[in-house]
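Participant: Handing you a structure now.
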Amino acid sequence: MVVLDRLKRQAVKLTGTTLCALVFAYFAYGTVQGDRGLLAYFAMSLELDHAELTYNEVRDTRLALERRVSLLRLDSLDLDLLEERARLLLDYVRPGDFIVLLPKSDGTLPR
């Protein structure tokens with residue numbers, strides 16, 4: 001009987017200790033691997049950095065385009081930029097201009 005009582009007491013102590021260890025392991029695992037754990041935090045941080053870089057590139061491109069468009073408005077028309085756009089879009093050239101045709105990447109000359 002004494003041995004059985006002693007085993008029961010040790011089993012209760014061991015059960016309590018084991019239960020505490022399992023609860024601690026559960027929360028430790030959730031802290032590292034969970035949906036809002038450390039690994040998810042680091043992944044989201046990398047994704048945020050990438051999104052910020054993309055945002056900065058798009059913003060810089062938009063600002064550059066806005067500057068160029070503002071130069072083509074009637075109140076602040078830049079004649080040099082207008083001539084450049086006309087030459088590019090309409091294939092406009094002045095008499096006496098020299099045109100140098102460079103081969104395309106496939107080796108053929110442009111028309």
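Laboratory data are not the source of any read-out in this text; all were calculated from the coordinates shown. All values derive from a computational prediction rather than experimental measurement. Virtual Cβ from ideal backbone geometry, glycine too; neighbours counted across all protein chains shown.
Participant: Tell me the label-point distance for the pair Ser105, Asp60, using the 7 Å Cα-to-Cβ offset, in nm and rounded to one decimal.
Facilitator: Once both label points are built, they end up 2.3 nm from each other.
Participant: Semi-axes of the equivalent ellipsoid for segment 49-98, please: Cα gyration tensor eigenvalues, times 5, square-rooted, ordered largest first, whole Å.
Facilitator: The answer is 32, 15, 6 Å, longest axis first.
Participant: In degrees from 0 to 90, rounded to the nearest 10, what is the angle of the helix 79-90 Cα long axis to the longest principal axis of the chain?
Facilitator: Relative to the chain, helix 79-90 is tipped by roughly 90 degrees.
Participant: Cβ under 15 Å from Asp78's Cβ, Asp78 left aside: what net charge do those residues give with Lys, Arg +1 and Asp, Glu -1?
Facilitator: With Lys, Arg at +1 and Asp, Glu at -1, the neighbours total 0.
Participant: For segment 67-107, run through the trypsin sites (Lys or Arg not before Pro) and keep only the ones in DSSP coil with at most 14 other Cβ atoms within 10 Å of their Cβ.
Facilitator: Arg73, Lys104
Participant: Oh, and also: Can you find, among Thr15, Leu81, Ala51, the residue farthest towards the positive end of the dipole of the chain? Put +1 on the C-beta of Lys and Arg, -1 on that of Asp and Glu.
Facilitator: Among Thr15, Leu81, Ala51, the one farthest towards the positive end of the dipole of the chain is Thr15.
Participant: Given a Förster distance of 22 angstrom, what is the FRET efficiency for Leu53 paired with Ala25, based on the Cβ-Cβ distance and rounded to 0.05? Before the final figure, lay out each step's value.
Facilitator: On the way: r = 38 Å, r/R0 = 1.74.
Result of the calculation: an efficiency of 0.05.
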